[in-house]
Amino acid sequence: MEHLVRRRYWWFAFSLLIILPGLYMLFLHPLLTTGRPGIGLRPSIDFAGGALWELRFPDVTPETLSTDRIAQAFAVAGFESAQVQLSPTVVDGQPVAAALVRTRPLSESDPNTEIDAVTKALTEAFGTVSRERLESVGPTVSAESTRSAIIAVLGASLIILLYLTWAFRKAPHPFRYGVCALIAMLHDVLVVLGIAAILGATIGLEVDALFLTALLTTLSFSVHDTIVVFDRIRENLINRHPAETFDDIVNHSLVQTLPRSINAQLTTFFTLTALLLFGGDTIRNFVLILLIGLVSGTYSSIFNAAQLLVVWEHREWRNWFKRGRQDEVEVRSGA
């Protein structure tokens, strides 16, 4: 445990190992697969706009239902390029054919006519059709949602920076604490977005309003734990011994707060795990993102944020390629 700070570049390397695949899926994968730049997330109708239809077909068995036939029925009703996903369910112990269909938004002037046209086309093709859910978001609303999401993340980051700078104003270089906390938050955001991009490409996870809620909650996880670590560093700086270096103080503070941080986050981890396993499909993606953010936030607070303070204290960016040898020389000379 006395070598947590000395091995800081190992922790940074591990973070990069986790982040880089996500960055590839976020930026390079869309460019390589489509030939044009984009973001490798699967936006829900909250951000992309469109209509989401949840349908059940009680007169058809799940084995005989096909996406092509459903898409063709929607095309007859005037909804070209419908995206169909089969999602059979169980009602009263019996399997029921069901599907989720994404289309363009409904007409704002006369949506009922389009709904009736779709219902008629589906009925002619499959018999009885039950519409369990229908959500429609126009392009204006989706653009506002995207803009609000960006403003929310940037606004929260700015407030956190100002608050931490003020809260640690009695510590040396208080601005560093706010910046290092923000960098740790950026680490968590990249981890969550990267894993969301990977899950979107593999299991079809979509980014919706609940995803934004989980992302903002992840920022609170990260900052909460970071403040605990930074506060202990500040206390130990005030009561430091003359022979103690800044590295020693940070390492000692981490050792002191590590059990508390892990124990506090484990209680939340167990609760979220129970919700993930037994909470149902409607909140599963939300809880999964919270779990990822919780683990990432705990890691970044201990192994990134505090370590960045040491890097800044020594201004190690001026001689990154020589620092490892210098550390060894300093440790041997101090032994």
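For this structure, a couple of remarks:
- Of all residues in region 33-51, those that are more than 19 Å from A196 (Cβ to Cβ) and either without any contact (Cβ under 8 Å) to a residue 12 or more places away in the chain or touching a Leu at 6+ places or on another chain (Cβ under 7 Å) (or both) total 3.
- Matching option when the condition is without any contact (Cβ under 8 Å) to a residue 12 or more places away in the chain and at negative phi, among S130, S109, S87: S109
- Matching helices (runs of 4 or more DSSP H) fully within region 38-129 where at least 2 residues are farther than 30 Å from P21 by Cβ: 67-76, 111-126
- Lone unmet requirement of (1) touching a strand residue (DSSP E or B) at 6+ places or on another chain (Cβ under 9 Å); (2) open to solvent by less than 50 Å² (accessible area, probe 1.4 Å); (3) of a type in the set (V, I, T); (4) modelled with pLDDT under 90 for I160: (1)
- Of all residues in region 121-157, those satisfying the criterion of being among the small types (G, A, S), farther than 29 Å from H187 by Cβ, touching a strand residue (DSSP E or B) at 6+ places or on another chain (Cβ under 9 Å) and open to solvent by 30 Å² or more (accessible area, probe 1.4 Å) are S130, S136.
- Number of the condition not met by R232 [criteria: (1) in contact with a Leu (Cβ under 9 Å, 6 or more places away or on another chain); (2) open to solvent by less than 40 Å² (accessible area, probe 1.4 Å); (3) modelled with pLDDT of 90 or more]: (2)
- Verdict on V101 being closer than 30 Å to L86 by Cβ, in contact with a helix residue (DSSP H, G or I) (Cβ under 6 Å, 6 or more places away or on another chain) and surrounded by 13 or more Cβ atoms within 10 Å (Cβ to Cβ): no
The values are calculated or read from the model by the stated rules, or taken from the named source; none is laboratory data. These numbers were taken from a predicted model, which means no experiment stands behind them. All Cβ positions, even for glycine, are placed from backbone atoms using ideal geometry, and neighbour counts span all protein chains on display. Note: areas computed on protein heavy atoms with side chains; ligands, DNA, RNA excluded. Shrake-Rupley method; radii C 1.70, N 1.55, O 1.52, S 1.80 Å.
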